[in-house]
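**Student:** Okay, here's the structure, questions in a sec.
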Amino acid sequence: MMKFKSILAAALASSIAVSAVAQTTTQVITQLPACGSEAKNSFGVHKEYPAINETNGFVGFKTEDADATGIKERYTLINCATRTLVQVRAEYLLADSSKGLPRGSDMLSFVDAQHKAKKIANEALFAGLAKQQGYAVTTGKLPAPYAKEAARAECGCRMFYPETESMWVK
């Protein structure tokens, strides 16, 4: 009987451990307005903020990933007519915490300041200002129209500049 109780206790402990692991990986996804979403689990949060109308045919998207390693921020500026993009990235990793923040404090605050100063709806100017602040900058083009990878950008463009959709496919 004692051996049976030991086996039962071990099996119960094992099932509790498996249950705890299963619960920690459960992901909760919340749809936010204006093409945004948030995914949370016990490891961290991935947040795609709502689309921002940057005027003059431009739409912006803030994205933030936070987990035990630190925070990764990304801002993507889309020209809805040409489908060109400028992406600015910053990482604030726990392992690098002694280095502090880049000169512009944090990247999303930098983007907000450029938005208020109306310096975002100019791809070259915005990219240059971001590089001066020490942020990683990438330029490029969206994937093919209606591709899954372009869905969020196209959602924002349709929301603020629906007339540009006819320019995507020529």
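Every number here is computed from the coordinates shown, using simple stated rules; none is lab data. Quick caveat, the model's predicted, so the values are computed rather than measured. Here the Cβ is made from the backbone with ideal geometry for all residues, glycine too, and neighbour counts use every protein chain on show.
**Student:** Please report the relative contact order for the stretch 27-168, taking Cα pairs under 8 Å with a sequence separation of at least 6, and give it as a percent rounded to a whole number.
**Tutor:** Answer for the stretch 27-168 is 22 percent.
**Student:** Of the lysine pairs in the stretch 27-168, how many meet both conditions: Cα atoms under 16 Å apart, and a spacing of 8 or more in sequence or different chains?
**Tutor:** Number of lysine pairs found: 7.
**Student:** Then there's this: Could you list which residues have their amide H under 5 Å from that of residue 71, counting only those 5 or more apart in sequence or on another chain, with H placed in the peptide plane?
**Tutor:** Here the answer is 92, 93, 94, since their amide H atoms fall under 5 Å of that of residue 71.
**Student:** Here's a follow-up. What ranking do 108-116, 37-45 get when scored by the average of other Cβ atoms within 10 Å per residue, highest first?
**Tutor:** Ranked by mean Cβ neighbours within 10 Å, highest first: 108-116, 37-45.
**Student:** Continuing with this model, one more query. Quick check on packing: order 57-66, 125-134 by the mean number of other C-beta atoms within 10 Å, highest mean leading.
**Tutor:** Highest mean packing first, the order is 57-66, 125-134.
**Student:** Here is a further query. Compute from the Cα atoms of the stretch 27-168 the Rg and the Dmax, the latter being the longest Cα-Cα distance, and quote both in angstrom.
**Tutor:** So, for the stretch 27-168, Rg and Dmax equal 15.3, 49 Å respectively.
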